[in-house]
1. Mind ordering 272-278, 2-8, 192-198 by average Cβ neighbours within 10 Å, highest first?
2. Quick one: Cα centre-to-centre distance for the stretch 89-132 and the stretch 297-365, in angstrom?
3. How much FRET efficiency would the formula 1/(1 + (r/R0)^6) give for residue 17 and residue 89, where r is the Cβ-Cβ distance and R0 is 25 Å, rounded to 0.05?
4. Using 0.36 nm times the number of residues separating residue 155 and residue 47, minus their current alpha carbon distance, what extension gain do you get?
5. Measuring from centroid to centroid over Cα atoms, what is the spacing of the stretch 1-48 and the stretch 201-228 in Å?
6. Given an 8 Å cut-off on Cα distances and at least 6 residues of separation, report the relative contact order of the stretch 1-70 as a percent.
7. Please tell me the relative contact order of the stretch 3-131 in percent, rounded to the nearest whole number, where contacts are Cα pairs under 8 Å and at least six residues apart.
8. With only alpha-carbon pairs counted, each pair once and no self-pairs, how large is the Kirkwood hydrodynamic radius of the stretch 184-244 in angstroms?
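No value in this document is a laboratory result; all are computed from the given coordinates. What you see is a predicted model, and the numbers here were worked out from it, not measured in a lab. Methodologically, a virtual Cβ is constructed for each residue, glycine included, from the backbone with ideal geometry; neighbour enumeration extends over all protein chains shown.
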Ligand SMILES: NC(=O)c1ccc[n+]([C@@H]2O[C@H](COP(=O)([O-])OP(=O)(O)OC[C@H]3O[C@@H](n4cnc5c(N)ncnc54)[C@H](O)[C@@H]3O)[C@@H](O)[C@H]2O)c1
C-alpha cells in the first residue's frame with residue numbers, strides 16, 4: 001500500500017509550484033511506495049497563496065511565518081525554495097524541527113551559511129536532507145551514469161560540465177533578487193547554477209583538487225524597474241578550470257571544467273555534460289533533450305559519434321510510453337520520486353538516481369569559495 005508523506009512548502013514561487021504540480025500528478029509514477037500530500041504552505045507574499053488554495057484542497061495551513069508551519073505536527077517533510085539569504089536560517093530550523101528537508105541550491109548563500117546548515121544536518125541524522133538538482137534524471141544522463149558506474153570510459157581524458165543561460169544578455173532586463181548580491185550572494189552565477197553542473201562529477205567521485213577561476217561581470221548596472229538604474233554586482237559568468245581524478249586511479253589527473261554562464265548567447269537553459277575517455281566518450285545537452293551522443297573507440301583511426309534517441313527511459317517507471325519525449329517537469333517529478341524513495345528506503349535507487357547530498361553541496365561551497373579567491377588573486381587555489 002502507498003504511504004502518504006505530508007509536506008509543507010516554504011517559498012511557494014517558481015520552484016514551489018513545480019513541486020506542488022509534481023505532487024499533483026504523482027499517479028504518473030508506477031512504482032512509488034510513498035506519495036507526497038501538500039498540507040501546508042508558507043510564503044510572505046499573500047498573492048502566492050491563491051494558486052495553492054485554488055488547486056490544493058489538502059492545504060489546511062497557509063501562513064506567512066515559517067515557524068508556524070514548522071510547529072504544525074502534521075507536516076512531516078518540507079520543500080524550501082526561498083532566496084539564498086534565507087537558506088541558513090530556515091533550512092537549519094526545518095532540520096531541527098525534525099522534518100525531512102529538500103532544500104534548494106546553493107544550500108546557503110555562502111560557505112559560512114552552508115557550514116551552519118551542515119551543523120544542523122550533523123545533529124539530526126534521522127532527518128533526510130537533500131538538495132534539489134533535477135538534470136541528472138534526464139534519461140540520457142541516467143545512461144551516462146550507468147556508463148560511469150560500469151567504468152566504461154577507460155582512462156578519463158577530460159570532463160566538462162556547464163549550465164548556460166542567455167536571459168541576462170539583455171542589459172535592459174530589470175534587476176531581480178537573483179542579480180542582487182544581498183539576496184543571491186557573492187557567488188553570483190556559481191551559486192545559482194553551480195550545483196547543477198557539479199552533481200554528476202561529484203557523484204562520480206571526481207572532486208576538484210584545485211581551481212583556477214575566471215569570473216566575469218559583463219553587465220554592471222540594470223534598470224531598477226522604477227525608471228532608474230542600480231548597480232548589478234553579481235558575477236555573470238564563471239569558468240572553473242580544475243584538476244580531478246577518479247577514486248580508482250587517484251594519480252591519473254585529468255582536467256575538469258565547470259562553466260556557469262548567465263550570459264551565453266544562444267543558450268536558454270542549457271545543462272551539459274561531456275566526458276572524454278580512452279575507450280568511450282559521451283555528451284548530453286538539454287538543448288537536444290532526447291539525444292545521447294556516444295563514441296566508442298575500439299582501435300584504429302576510425303572514430304564516430306553515434307546519436308541515440310533515448311525516449312522515456314527513466315529511473316522511476318511511469319505511465320508514459322517509452323518512445324515519448326522527456327522534459328523539465330518530468331525531471332522534477334523524477335527528482336521528487338528519488339527524494340521519497342530515499343525517505344522510504346534509506347538509500348538512492350541507483351547511484352545516479354539520487355538527489356545532491358549535504359556533503360556534495362558542502363563540496364560545491366568549498367569549490368565556489370576557492371573560485372572567488374582564485375579570481376581575487378589570479379592563482380590556482382588548492383582544495384582538500
Ligand atoms: N532547481 C532548479 O532548477 C531551480 C530553478 C530556479 C530556482 N531555484 C532555487 O529555488 C529557490 C527559490 O527560487 P525561485 O526561482 O522559486 O524564486 P521565487 O522568487 O520565484 O520564489 C521564492 C519565494 O519565496 C518567498 N519568500 C521570500 N521570503 C520568504 C520568507 N521569509 N518566508 C517564506 N517565503 C518567502 C517569496 O515570496 C517567493 O514567492 C532558490 O534557492 C533558487 O536558487 C532552483
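1. Going by the mean number of other Cβ atoms within 10 Å, highest first, we get 192-198, 272-278, 2-8.
2. About 24 Å separates the Cα centre of the stretch 89-132 from the one of the stretch 297-365.
3. Details: r = 23 Å, r/R0 = 0.91.
Efficiency, rounded to the nearest 0.05: 0.65.
4. Working: separation 108, 0.36 × 108 = 38.88 nm, distance 5.38 nm.
Here the segment from residue 155 to residue 47 would lengthen by 33.5 nm.
5. Value for the Cα centre distance between the two parts: 30 Å.
6. Reported relative contact order: 36 percent.
7. Details: 227 pairs, mean separation 30.5, N = 129.
Rounded, it is 24 percent for the stretch 3-131.
8. Values: mean 1/r = 0.0749 Å⁻¹.
Kirkwood hydrodynamic radius for the stretch 184-244: 13.3 Å.
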